[in-house]
């Protein structure tokens, strides 16, 4: 299998995936990463890093120099377990929908924001399925995202839009797998 060359050597770094600075670093245990397979059938590895200077948790989906798909988890102890799970599934979604192997659109362009919206949707659908009958972590994920975006400096209208997208997905869409299949079909990757 040949991995497509990226036209722009830029990491896919998910903006705003961090937590409110009121959450004390080191106060949360780091959750185990999920199993994640990309759209090409490759297993995605997860690597954790932490820094004393790190004020927020973040995730990044990319390929290593040898072509191995991975997610870098940074300062996860700064986030609640529910929000850590969301970050992991959001980053995994970038692999599952083929974002990592496509040219990265300009930051904050409509195409970039669409990739982020799709990854948010996949992540919340996966969590909804994993939670089953106990959906009590759902509000915590939305609160974590709002706090993250505020900490980074996004205007309230941006966080409102992102949360509304996630709420729409959560309430109105079917399975995460069907959603990913639709994205891959639309992108000509199926």
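The values are calculated or read from the model by the stated rules, or taken from the named source; none is laboratory data. Just so it is clear, the model here is predicted, and its values are computed rather than measured. All Cβ positions, even for glycine, are placed from backbone atoms using ideal geometry, and neighbour counts span all protein chains on display.
On the basis of being touching a residue at least 60 places away in the same chain (Cβ under 8 Å), within 30 Å of residue 185 (Cβ to Cβ), out of contact with any helix residue (DSSP H, G or I) (no Cβ under 6 Å at 6 or more places or on another chain) and surrounded by fewer than 17 Cβ atoms within 10 Å (Cβ to Cβ), does residue 35 make the cut?
Values: touching a residue at least 60 places away in the same chain (Cβ under 8 Å): no; within 30 Å of residue 185 (Cβ to Cβ): yes; out of contact with any helix residue (DSSP H, G or I) (no Cβ under 6 Å at 6 or more places or on another chain): yes; surrounded by fewer than 17 Cβ atoms within 10 Å (Cβ to Cβ): yes.
No; evaluated as a whole, the condition is false for this residue.
Quick check, is residue 117 closer than 20 Å to residue 167 by Cα and out of contact with any strand residue (DSSP E or B) (no Cβ under 7 Å at 6 or more places or on another chain)?
Answer is yes for this residue.
Got a sec? Which helices (runs of 4 or more DSSP H) wholly within the range 93-190 have at least 1 residues that are touching a residue at least 24 places away in the same chain (Cβ under 8 Å) and closer than 20 Å to residue 72 by Cα? Before you say what the answer is, go through the steps one by one.
On the way: elements: 110-131, 138-152, 156-172, 176-186.
Qualifying helices (runs of 4 or more DSSP H): 110-131, 138-152.
Scanning the range 48-71 for residues that are touching a strand residue (DSSP E or B) at 6+ places or on another chain (Cβ under 9 Å) and closer than 21 Å to residue 151 by Cα turns up 49, 50, 51, 54, 56, 57, 58, 59, 60. Among the residues of the range 56-69, the one identified as touching a helix residue (DSSP H, G or I) at 6+ places or on another chain (Cβ under 9 Å) and free of Cβ contacts under 8 Å to residues at least 40 places away in the same chain is 69.
In the range 72-79, is there at least one residue being out of contact with any strand residue (DSSP E or B) (no Cβ under 8 Å at 6 or more places or on another chain), touching a residue at least 60 places away in the same chain (Cβ under 8 Å), over 23 Å from residue 179 (Cβ atoms) and buried (at least 20 other Cβ atoms within 10 Å of the Cβ)?
Taking the range 72-79 first, the residues out of contact with any strand residue (DSSP E or B) (no Cβ under 8 Å at 6 or more places or on another chain) are 77-79.
Next cut, touching a residue at least 60 places away in the same chain (Cβ under 8 Å) only: 78-79.
Still in the running and over 23 Å from residue 179 (Cβ atoms): 78-79.
Those left that are additionally buried (at least 20 other Cβ atoms within 10 Å of the Cβ): 78-79.
For the range 72-79, residues out of contact with any strand residue (DSSP E or B) (no Cβ under 8 Å at 6 or more places or on another chain), touching a residue at least 60 places away in the same chain (Cβ under 8 Å), over 23 Å from residue 179 (Cβ atoms) and buried (at least 20 other Cβ atoms within 10 Å of the Cβ): present.
Scanning the range 141-176 for residues that are in contact with a helix residue (DSSP H, G or I) (Cβ under 6 Å, 6 or more places away or on another chain), at pLDDT below 95 and closer than 23 Å to residue 36 by Cα turns up just one, 144.
A count restricted to the range 80-90 and to residues that are surrounded by fewer than 23 Cβ atoms within 10 Å (Cβ to Cβ), touching a residue at least 60 places away in the same chain (Cβ under 8 Å) and assigned to a helix (DSSP H, G or I) stands at 1. I'd like to verify a number: residues in the range 55-71 that are buried (at least 20 other Cβ atoms within 10 Å of the Cβ) and in a loop (DSSP other than H, G, I, E, B), how many? The number of residues fulfilling the criteria is 2.
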